[in-house]
Amino acid sequence: MIAALLSLLLVAAPAPAVAHAGCGGHELIVPRQMAAPTDVASQSQIKDPQQQCTPYQYPRIAAIQANYPTIWQTATIPAADTAARELFARINATVNEKLPNAGLKPAAGPPGLPNYDRSDPDCWWTWQGCSTPNPSLGIPADVVRIPEPNSLGMTVDDGPNCSQNAFYDFLREQNQKVSMYYIGSNVMIWPLQAMRGHQDGHEICVHTWSHQAMTSLTNEQVFAELYYTRQIIKDLMGFTSRCWRPPQGDVDNRVRLIAAGLNLTNILWIEDSNDWRANVAGSAVTPADVDRRYQGVIDQAKGGNYSTQGTILLSHQSTNYTMSTLMKWLPQLKAAFAHVVPVASGMNWTTPYAESNFTYPSFAQIIANQSASAPGSVSASGPSASVSIGGNNAAASGSVTGTASRSGAPSGSGAGSAASSSRAAGWRSSEVGTGGVVLAAVLAWAAL
Ligand SMILES: [Zn+2]
């Protein structure tokens, strides 16, 4: 059972690495060395995907997991967490004051709410791609693109993934930093993989605790899904994310207001690779369809469609297929765009986390770093080049510690109609998709 579930996972490498000794045509199979990883360095060295996905105990998680909701269940606030309850009470009061008539949406999306007001009073992105709430509400707009011309904000959802090493190694070789939207339950299960994302210099954002349609959850559930994902990132890596992304983009003003109460900016996208829908039972989306999506983005870049402002592309690290497909297309994306950057750099958020001692390269800094290192060069892939960008030790990297505040950065706006076009192929035609595959991994873990 467990082996079958693990086989669903990723399997990022073509075949397990098996040591063997030949002797006259007979081979003696030597068991793999299965020592559990104890830190990011030892985990990063594991090449065999199945070994990467072998559950391990991490003491720091074991010490705090009782303070957290149950993984892969809808998050609620544990009874003993009075600090979270007090914060939620304040945010909830604001929601009730500003949006007294706000209701929950059905998990089935628009098909489950056929009589929804076509004027879209809730700015429900899932309805027709609204990303700019009525200014009178004082609710921040979503970020849907980066302002830098001919530039791509590269985003990867649903991590960390247990067998991600080949993918993360590739990003290192490409000297490519991206924005990663981590699921809280995945961070709990695969903490070393999560920490590697940060150490490699990727931007780490919140992608909820259990990956559900956020507009279908109660105020407390929305709060807890965001709060505890942000908190496990903080407990594990020491910083407080200020960026988040709703699963399948499902957000409305009520959810936005709760996220804003947690100082989380909603990051959406313009371009959707649709990769999570391919290679999924019951889905009509094929790998060829996904390739056409990637090619379409490249064609638009070459055609000058982003000549006045950049865009954001959605992809996933949920399966071997989605990671491999991005690995296949990334060099062509980099060739078609002037710059491929994480969203934080694209927005010039040089202190992207709440803690000011964590700095991140500005747009100018990151493109200077990229141009200084040829893609795939040894210097670009070295751990020092990667680690330095994301952590406390930014000064050691040669990248300048930025001082611009987030409030001074441009905010995304006005792209709702464009965003909706990429979602028009049907709402949640397959519920299996992203959450399903990730859930399979978790069930395998939980069964142990
Ligand atoms: Zn997702």
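Bear in mind these aren't lab numbers, they're just calculated from the coordinates by the rules spelled out. Model, not experiment: these values are computed from the prediction. Positions of Cβ are backbone-derived with ideal geometry, glycine not excepted, and every protein chain shown enters the neighbour counts.
Numbers for the structure displayed
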| read-out | value |
| --- | --- |
| Packing-based order for 272-282, 245-255, using average beta carbon neighbours within 10 Å, highest first | 245-255, 272-282 |
| Ranked packing of 103-109, 166-172, most packed first, by mean Cβ within 10 Å | 166-172, 103-109 |
| Alpha carbon Rg of segment 187-262, scaled by the compact-globule rule 2.2 N^0.38 Å | 1.08 |
| Hydrodynamic radius (Kirkwood) for segment 168-317, which is based on Cα pairs only, to one decimal in Å | 16.7 Å |
| Linear extension gain, Ala66 paired with Asp299, 0.36 nm per residue minus alpha-carbon span | 78.9 nm |
| Pairwise label distance in nanometres, Gln332 with Arg292, each label 7 Å out on the Cα-Cβ vector | 1.4 nm |
| Local electrostatic count at Phe239 - Lys and Arg +1, Asp and Glu -1, tallied over other residues with Cβ under 11 Å | 0 |
| Calculated over segment 48-196: convex hull of Cα atoms, volume per residue (Å³) | 190 Å³ |
| Contour excess over end-to-end distance, with Cα ends at Ala354 and Ala372 and 0.36 nm allotted per residue | 3.5 nm |
| Anisotropy class of segment 255-332 from Cα gyration tensor, a/c 1.5 cut | oblate |
| Order by protection proxy (mean Cβ within 10 Å, highest first), peptides 189-200, 331-342 | 189-200, 331-342 |
| Cross-link partners of Lys328 among lysines (Cα-Cα below 27 Å; sequence separation of 8 or more within a chain) | Lys47, Lys177, Lys302 |
